[in-house]
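*Asks:* Below you'll find the structure I mean.
The values are calculated or read from the model by the stated rules, or taken from the named source; none is laboratory data. Computed from a predicted model, the values in this text were never measured in an experiment. Counting neighbours? That spans all protein chains shown, and the Cβs are built from the backbone with ideal geometry, glycine included.
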Amino acid sequence: MKTEHKDKSLLNTIMVATGIFLSRIAGLIRDRVFAHYFGNSDAADAFRAAFRIPNFLQNLFGEGVLSASFIPVYAKLLAENKQKEATKLAHIIAGILSLIISVLVVIGILITPLLIDIIAPGFQGQKRQLAIMLVRIFFPGAGILVLSAWCLGILNSHGKFFLSYSAPVLWNVIIIVALLFFGDSSPQDDLAIYTAFASVAGSLVQLLIQLPFVLSILKSFKLHLAVKNKEVQTVIKNFVPVFFGRGVVQISAYIDSLLASLLPTGAVAALSYAQTLYMLPISLFGMSVSAAELPAMSKVTGKKNEIATKLKERINNSIKRIAFYVIPSSVAFFLLGDIIVGAIYQTGEFTHKDTIFVWIVLAGSTVGLLAVTQSRLYSSAFYAMHDTRTPLQCAIIRVTVATILGYCASQYGTTLLGIDRLYGTAGITIASGFSGWIEYKLLQSNISKKIGTVGLQKQYLFYLWISALISALITFYVKIYIHYHPLILAMILLPLYGILYFIVTFMFRIDEIMNILKMVGLKK
């Protein structure tokens with residue numbers, strides 16, 4: 001039975017990871033095309049900052065918050081064979097979301113100038129005006145994506161993971177087409193506006209591709225506002241602390257962008273480029289595992305000690321899987337980041353100098369990469385147990401520390417070191433990484449008190465770090481002796497790094513590599 005659960009969990013994780021991988025690859029291609037036409041220009045800064053504001057709305061009411069508050073209740077009803085009640089809950093949540101989002105989109109459009117002054121106070125003149133216009137275009141698209149997240153919650157609860165996580169591929173494709181179509185014939189400001197409209201169109205397509213599958217599950221689509229429904233009240237009760245918890249984390253990203261806007265031109269865009277890459281392992285290995293585990297953990301039943309034992313087993317197995325992939329990602333970003341950044345972005349307006357700068361910013365983010373990915377799983381475990389306050393409290397502490405350290409590092413760190421102020425952007429990512437470890441330790445300590453000690457064995461961690469470092473150093477040494485465009489280098493060196501890592505972990509008999517070999521039929 002344990003093996004069956006583990007295999008199903010791994011399969012679900014693979015489906016989520018595959019969907020996320022495809023959407024992230026499409027996102028990287030989109031960013032490469034974007035970098036080709038915009039580089040680290042004022043228009044790039046304005047576009048990146050503008051996109052963050054409606055994206056804040058999407059993240060607050062969308063996938064993260066909705067999944068954490070809605071899926072545990074909906075999945076539990078399904079586990080109890082209460083299909084009728086589950087369908088009614090889905091309809092009511094859709095109705096409430098539609099009303100709230102419609103109001104917030106209108107308000108957001110009206111107060112956009114104020115929002116720009118809050119998130120990017122360093123923007124002036126035409127740069128500020130462009131950002132305001134872009135935000136007003138982006139807002140309706142963000143509202144549409146919130147409903148797309150509602151579809152994701154239903155599909156995930158029914159074990160259908162691939163479609164909802166691969167749907168953003170279409171959003172990316174539409175943006176890429178717009179960039180390529182208008183890129184050579186339009187000034188950068190006009191191109192930014194065309195790209196924003198393409199983003200809204202892509203959001204609509206992303207929703208429409210999922211709706212037929214959701215309707216096949218629910219059998220109908222009705223919007224209700226019955227807030228007195230018992231299950232709805234549970235979702236709302238869960239929603240409020242999760243909303244503020246996710247909101248705090250999102251505010252942290254906005255604070256990073258705000259601090260970057262106070263630095264010279266290029267800081268906001270560089271931070272965004274680095275965060276796109278930084279989010280890749282978080283999404284592929286942190287979010288994929290957490291997303292697959294949330295419905296499963298929500299359906300765990302039994303006596304209190306039995307539930308604790310099952311949850312502990314699921315968490316410990318999952319964090320080993322996360323660490324197996326995230327640790328080599330961290331080492332690759334730190335030692336081979338110039339290849340990765342150059343392969344994705346170095347073209348057109350994006351020069352080798354920009355590549356080195358973004359690599360430095362990306363290297364700073366590796367400080368907390370492992371902590372942040374594991375924290376996502378711990379938070380999902382709390383949500384599955386209907387404890388939404390603990391993740392909120394930990395998130396508040398994390399953001400407070402990140403804000404203080406990020407401000408000091410970006411404003412005073414470069415002066416103390418006697419370097420260009422632009423490199424304060426790396427100080428922002430280092431501060432965020434350090435605060436991520438504080439949040440991780442708090443979450444780990446609190447969940448261990450509830451279900452027993454969870455965490456990775458020191459020996460397992462040691463073997464993974466050694467495997468990644470050995471593989472990266474060999475690859476780095478090879479890099480010194482070959483000189484091609486970063487895209488060619490990436491095609492040669494990154495597969496080499498991956499192969500070396502798998503070989504070394506196999507030599508250490510790491511169980512995760514053994515499970516992979518079993519799945520592909522290379523080991524009995």
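*Asks:* Out of all the residues in the range 330-348, is one or more of a type in the set (Gly, Ala, Ser), farther than 19 Å from residue 25 by Cα and surrounded by fewer than 24 Cβ atoms within 10 Å (Cβ to Cβ)?
*Replies:* yes
*Asks:* What do you reckon, is residue 478 under 30 Å from residue 510 (Cα atoms), of a type in the set (Val, Ile, Thr) and over 27 Å from the mean Cα position of the chain (by Cα)?
*Replies:* Yes; evaluated as a whole, the condition is true for this residue.
*Asks:* What number of residues in the range 202-231 are out of contact with any Lys or Arg (no Cβ under 9 Å at 6 or more places or on another chain), more than 26 Å from residue 163 (Cα to Cα) and in contact (Cβ under 8 Å) with a residue 12 or more places away in the chain?
*Replies:* Counting residues in the range 202-231 that are out of contact with any Lys or Arg (no Cβ under 9 Å at 6 or more places or on another chain), more than 26 Å from residue 163 (Cα to Cα) and in contact (Cβ under 8 Å) with a residue 12 or more places away in the chain gives 2.
*Asks:* Shifting gears a bit: Quick one: would you say residue 66 is within 25 Å of residue 262 (Cα to Cα) and either part of a helix (DSSP H, G or I) or of a type outside the set (A, V, I, L, M, F, W, C) (or both)?
*Replies:* When the stated conditions are applied, residue 66 does not pass them.
*Asks:* Then there's this: Which one is modelled with the highest pLDDT, of the residues in the range 23-56 that are over 26 Å from residue 121 (Cβ atoms) and hydroxyl-bearing (Ser, Thr, Tyr)?
*Replies:* Among those residues, the one meeting the criterion is 37.
*Asks:* Moving on. Can you go through 402, 395 and tell me which one is more than 19 Å from residue 240 (Cβ to Cβ) and out of contact with any strand residue (DSSP E or B) (no Cβ under 8 Å at 6 or more places or on another chain)?
*Replies:* Within the list 402, 395, the selection yields 402.
*Asks:* Condition test on residue 326, is it in contact with a Pro (Cβ under 8 Å, 6 or more places away or on another chain) and buried (at least 20 other Cβ atoms within 10 Å of the Cβ)?
*Replies:* When the stated conditions are applied, residue 326 passes them.
*Asks:* Assess whether residue 497 counts as being assigned to a helix (DSSP H, G or I), modelled with pLDDT under 90, of a type in the set (Ser, Thr, Tyr) and buried (at least 16 other Cβ atoms within 10 Å of the Cβ).
*Replies:* Here the answer is no, as residue 497 does not meet what is asked.
*Asks:* Something else: Taking the range 449-488 as the region of interest, how many residues are closer than 30 Å to residue 388 by Cα, surrounded by 14 or more Cβ atoms within 10 Å (Cβ to Cβ) and among the basic types (Lys, Arg)?
*Replies:* Number satisfying all stated conditions: 1.
*Asks:* Oh, and also: Is it fair to say residue 299 is among the charged types (D, E, K, R) and within 21 Å of residue 17 (Cα to Cα)?
*Replies:* no
*Asks:* Then there is this: Would you mind telling me which numbered condition in (1) modelled with pLDDT under 85; (2) among the β-branched types (Val, Ile, Thr); (3) touching a His at 6+ places or on another chain (Cβ under 9 Å) residue 118 fails?
*Replies:* The number of the failed condition is (3).
*Asks:* For the range 448-459, state whether one or more residues are assigned to a helix (DSSP H, G or I) and touching a helix residue (DSSP H, G or I) at 6+ places or on another chain (Cβ under 6 Å).
*Replies:* yes
*Asks:* State whether one or more residues within the range 11-18 are in a helix (DSSP H, G or I), surrounded by fewer than 17 Cβ atoms within 10 Å (Cβ to Cβ) and modelled with pLDDT under 80.
*Replies:* Within the range 11-18 (the criterion being in a helix (DSSP H, G or I), surrounded by fewer than 17 Cβ atoms within 10 Å (Cβ to Cβ) and modelled with pLDDT under 80), the answer is yes, since at least one residue qualifies.
*Asks:* Taking the range 249-266, which residues are among the aliphatic types (A, V, I, L, M) and either within 18 Å of the chain's Cα centre (by Cα) or more than 17 Å from residue 405 (Cβ to Cβ) (or both)?
*Replies:* Within the range 249-266, 249, 251, 253, 255 qualify.
*Asks:* Residue 156 versus (1) in contact (Cβ under 8 Å) with a residue 40 or more places away in the chain; (2) part of a helix (DSSP H, G or I); (3) over 22 Å from residue 298 (Cβ atoms): which is the lone unmet condition?
*Replies:* (3)
*Asks:* How about the range 399-419: which of its residues are free of Cβ contacts under 8 Å to residues at least 40 places away in the same chain and not aliphatic (A, V, I, L, M)?
*Replies:* The answer is 400, 408, 412, 413, 414, 415, 418.
*Asks:* Could you please let me know if residue 144 is β-branched (Val, Ile, Thr) and under 25 Å from residue 116 (Cα atoms)?
*Replies:* Taking the combined requirement at face value, the residue satisfies it.
*Asks:* Ok, one more. Within the range 297-311, can you find the residues that are part of a loop (DSSP other than H, G, I, E, B) and charged (D, E, K, R)?
*Replies:* If the condition is that a residue be part of a loop (DSSP other than H, G, I, E, B) and charged (D, E, K, R), then 299, 303 are the ones that fit.
*Asks:* Would you mind stating whether residue 273 is over 13 Å from the mean Cα position of the chain (by Cα), more than 18 Å from residue 382 (Cβ to Cβ) and of a type in the set (Phe, Trp, Tyr)?
*Replies:* yes
*Asks:* Looking at residue 360 and the list (1) β-branched (Val, Ile, Thr); (2) buried (at least 23 other Cβ atoms within 10 Å of the Cβ); (3) closer than 29 Å to residue 505 by Cα, which single condition is not satisfied?
*Replies:* (2)
*Asks:* While we're looking at this one, here's another question. Can you find a residue in the range 99-110 that is crowded, with 17+ Cβ neighbours inside 10 Å and touching a Lys or Arg at 6+ places or on another chain (Cβ under 9 Å)?
*Replies:* yes
*Asks:* Given 434, 462, which one is in a helix (DSSP H, G or I) and closer than 26 Å to residue 505 by Cα?
*Replies:* After applying the criteria, what remains is 462.
*Asks:* Against the condition in a helix (DSSP H, G or I), hydroxyl-bearing (Ser, Thr, Tyr) and either under 30 Å from residue 306 (Cβ atoms) or in contact (Cβ under 8 Å) with a residue 24 or more places away in the chain (or both), how does residue 347 come out, does it pass?
*Replies:* No: the conditions fail for residue 347.
*Asks:* Another question about this same structure. Residues of the range 146-173 being within 19 Å of residue 135 (Cα to Cα) and surrounded by fewer than 20 Cβ atoms within 10 Å (Cβ to Cβ), which ones?
*Replies:* Of everything in the range 146-173, nothing turns out to be within 19 Å of residue 135 (Cα to Cα) and surrounded by fewer than 20 Cβ atoms within 10 Å (Cβ to Cβ).
*Asks:* Shifting gears a bit: Can you tell me which of (1) at pLDDT 90 or above; (2) surrounded by 15 or more Cβ atoms within 10 Å (Cβ to Cβ); (3) under 21 Å from residue 366 (Cα atoms) is the one residue 446 doesn't meet?
*Replies:* (3)
*Asks:* Another one. Does the range 164-191 hold any residues that are of a type outside the set (Asp, Glu) and out of contact with any helix residue (DSSP H, G or I) (no Cβ under 6 Å at 6 or more places or on another chain), and which are they?
*Replies:* 173, 177, 180, 181, 185, 186, 187
*Asks:* Can you pull out every residue in the range 349-371 that is among the β-branched types (Val, Ile, Thr), out of contact with any Ser or Thr (no Cβ under 6 Å at 6 or more places or on another chain) and modelled with pLDDT of 90 or more?
*Replies:* Correct list: 355, 356, 358, 360, 367.
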